[in-house]
Amino acid sequence: MLPRAPGGPEFKLSRYDDPRRALAKWMTAADNPYFARTMANRMWGHFLGRGIIHPIDDARSTNPPSNPELLDALARDFVASGYDVKHLIRVICNSAAYGLSSVPVEANTDDVQSFARYYPRRLPAEVLLDAFGQVLESPTKFRSVAGDFPKGTRAIDLPDEAVPSHFLDVFGRSARNSACECERVDAPALGQTLELVSSAELQGKLTSDKGYVGRLVSNKKSHEENVRDIFLRVFARAPRPREMAIAVEFLESQADRKEAYGSLLWSLLATNEFLFNH
């Protein structure tokens, strides 16, 4: 039997032809109704936390898109761009929907599917671990059965899930046992809270003499200057007056400067403002 794509023509192949070329040609044909819509929906779901067809792997007639016109427009534009993924990302990230606030108002409090507001979502496991390492200036050391990874290797650069990391497992990295997007778990769980409290990985970064906390301990700046630097680093904003007052009061009440700055940083890193895209 000749190979045939779902709903498509049979591929006329000789014994020396690579069937993947025929498959790719069929997938990117302008009259193929599947690929462009699937890719547009997947990218939309990636950036806005929910697909126009949701779940994004459940494209069937009995699970219609919440906004068919939007999905069709994105698909047509994606085809017209020559299947340029960067162009698709640019269109989505410059959209009004992506720029909406996540703070609900009376008109959109109950909205869960029409994108009337931005839906907050937790950072993916790999991004979150890299963010901890970047903020605390203490990169994660990854090891495998073949030896240590090069210094500075990020979690998002790991080749597969076989690299052991309890933190990544708890925060829902995909086990890659199937092709379903549902393998990655972004929902909050009790184990994640406990990991933030007792993670040896995070505690090592907070207590490292060569990291950011060590630098705060050794500098001669005032608490106010350090708190301002901490907030800019963690939240990309200056502390509000009340936040500044509480942070300085806490730092002045602690006898151990290193433990004080470590505790302050830990309390900020465990907030929803840091853990979530909003």
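The values are calculated or read from the model by the stated rules, or taken from the named source; none is laboratory data. The structure displayed is predicted, hence computed values, not measured ones. Positions of Cβ are backbone-derived with ideal geometry, glycine not excepted, and every protein chain shown enters the neighbour counts.
Residue-wise test of (1) touching a helix residue (DSSP H, G or I) at 6+ places or on another chain (Cβ under 6 Å); (2) modelled with pLDDT under 90.
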| position | (1), (2) |
| --- | --- |
| Ala5 | yes, yes |
| Pro9 | no, yes |
| Lys25 | no, yes |
| Met39 | no, no |
| Phe47 | yes, no |
| Gly51 | yes, no |
| Asp72 | no, no |
| Ala75 | yes, no |
| Phe78 | yes, no |
Exercise. Considering region 229-278 alone, what residues qualify as being assigned to a helix (DSSP H, G or I) and of a type in the set (S, T, N, Q)?
Worked result: Ser253, Ser263, Ser267, Asn272
Exercise. Does region 143-155 contain any residue that is under 30 Å from Gln254 (Cβ atoms), in contact with a Phe, Trp or Tyr (Cβ under 9 Å, 6 or more places away or on another chain), polar (S, T, N, Q) and modelled with pLDDT of 90 or more?
Worked result: no
Exercise. Do you know which of the residues in region 203-228 that are part of a loop (DSSP other than H, G, I, E, B) and surrounded by 14 or more Cβ atoms within 10 Å (Cβ to Cβ) is modelled with the lowest pLDDT?
Worked result: Ser208
Exercise. Is it the case that region 63-85 has a residue that's under 16 Å from Tyr34 (Cα atoms), surrounded by 13 or more Cβ atoms within 10 Å (Cβ to Cβ) and under 20 Å from the mean Cα position of the chain (by Cα)?
Worked result: no
Problem set entry | One residue from Arg237, Arg233 being at negative phi, surrounded by fewer than 11 Cβ atoms within 10 Å (Cβ to Cβ), in contact with a helix residue (DSSP H, G or I) (Cβ under 7 Å, 6 or more places away or on another chain) and modelled with pLDDT of 85 or more | Arg237
